[in-house]
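The structure appears right after this line, and notes come after that.
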Amino acid sequence: MAVVHETGTIGTPVPVYYECFAPATANARATVLMVHGGAHSGACYQRTADGRPGWAYRFAERGYRAVVPDWPGSGRSGHVPLDRLDGATVVEGLGALARWLGTPLVLLTHSMSGAYGWRLLELHGDVIAAVVGVAPAPPGNIQKLPPVYEETQTAIETEVSGRRVRIDKMGMAVQGRDFVERKLVGESRFFPREQLAVYAAELLPIAPKVLLERQNVHGSQLRVSDPKKLAGKRILVVTGTADLDHAKEVDGAIVIWLNAHGAKAEFCYLADRGIVGNGHMLMLEENSDEIADIIMGWIDTI
């Protein structure tokens, strides 16, 4: 199916750049809003690590309109002052985009944006019909507090992915090669190692408040204020078997919490589908089309 590619920017309350990949023939299928994780831009949904068309194209070929933004303050969305650049601001911008797109809307989040997805569903559940969380961050409601070893007005030492790290509160955090090899790729069987250097060079710095929130330092991770607003919502959580921070019991706990508040959440642990060896970047890996088919098959049932 032919795919029509367009770009645009929502200007308020903060700028949000987006790209739209739509089937050439209009239909009644949902729009899928694909939100990237930390250190990435919407480009992660457009091209795989080995150069194939990414999920945005695959979904559009199936008949869905895929809308792929860059977070406010990240990538092509332009500048947001660091003192304002936190998860609440990201959610504010993405929420405006979601409302502009209208219903029916399926929200697809990855990694750090998972926490944004739960909050967006709470705030904009009238337009968001369902959520797909790919290796998603939990809401602050259930995320554990990390240790704080030392803190000043300008820096803090805490833990990220099980290692003690020092984070500069005053500047953007650049992710090193260790972060790429250990966290993003890890023991994945499906990430092409010959593309690792190119992939690492494309990563973006992360705003300090956003990074500290992801670790839930001082309980700062975004929370769902009224979990009852998630009741009845269809949700799918998808997790690979070789993901450092997303063990089966970790992401499974998100599903348990969602269902305890009335959501209709399902857990797709890929090993239960006979798929073993995926790391954190499911949309970039060599079997990305197979995983896209699982997600689209689930969306087709909504």
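Values in this text are rule-based calculations from the coordinates and carry no lab data. Please read these numbers as outputs of a predicted model, since none were measured by experiment. With ideal geometry, Cβ positions are generated from the backbone for all residues, glycine too; neighbour counts draw on all protein chains shown.
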Inset, instruction - Working carefully through the options Ala22, Ala56, find the one that is more than 26 Å from Val180 (Cα to Cα) and not in a loop (DSSP other than H, G, I, E, B). - result: Ala22
Inset, instruction - Using the structure shown, decide if Gly252 is touching a Gly at 6+ places or on another chain (Cβ under 7 Å), closer than 23 Å to Pro146 by Cβ and not acidic (Asp, Glu). - result: no
Legend entry - Matching option when the condition is under 25 Å from Ala137 (Cα atoms) and buried (at least 22 other Cβ atoms within 10 Å of the Cβ), among Pro15, Pro72: Pro72
Legend entry - Pairs, first under 19 Å from Leu244 (Cα atoms) in region 256-285, second assigned to a loop (DSSP other than H, G, I, E, B) and aromatic (Phe, Trp, Tyr), C-beta under 8 Å, six or more apart: Gly277/Phe190; Asn278/Phe190; Gly279/Phe190; Gly279/Phe191; Met281/Phe191; Leu284/Phe191; Glu285/Phe190; Glu285/Phe191
Inset, instruction - List the number of the failed condition for Ala292; all other conditions in (1) out of contact with any Ser or Thr (no Cβ under 9 Å at 6 or more places or on another chain); (2) surrounded by fewer than 16 Cβ atoms within 10 Å (Cβ to Cβ); (3) within 21 Å of His40 (Cβ to Cβ); (4) of a type outside the set (S, T, N, Q) hold. - result: (2)
Legend entry - Residue within region 219-239 that is more than 16 Å from Cys44 (Cβ to Cβ), of a type in the set (A, V, I, L, M) and exposed (fewer than 15 other Cβ atoms within 10 Å of the Cβ) present: yes
Inset, instruction - Inspect all residues belonging to region 226-242 and state whether any of them is under 19 Å from the mean Cα position of the chain (by Cα), over 27 Å from Val91 (Cα atoms) and not basic (Lys, Arg). - result: yes
Legend entry - Segments classed as strands (runs of 3 or more DSSP E), wholly inside region 122-218, with at least 3 members that are surrounded by fewer than 17 Cβ atoms within 10 Å (Cβ to Cβ): 155-160, 163-168
Legend entry - Top-ranked residue in region 59-82 [being part of a helix (DSSP H, G or I) and closer than 18 Å to Val32 by Cα; ranked as farthest from the chain's Cα centre (by Cα)]: Glu61
Inset, instruction - Go through (1) assigned to a helix (DSSP H, G or I); (2) farther than 20 Å from Leu236 by Cβ and name the single condition Leu85 misses. - result: (1)
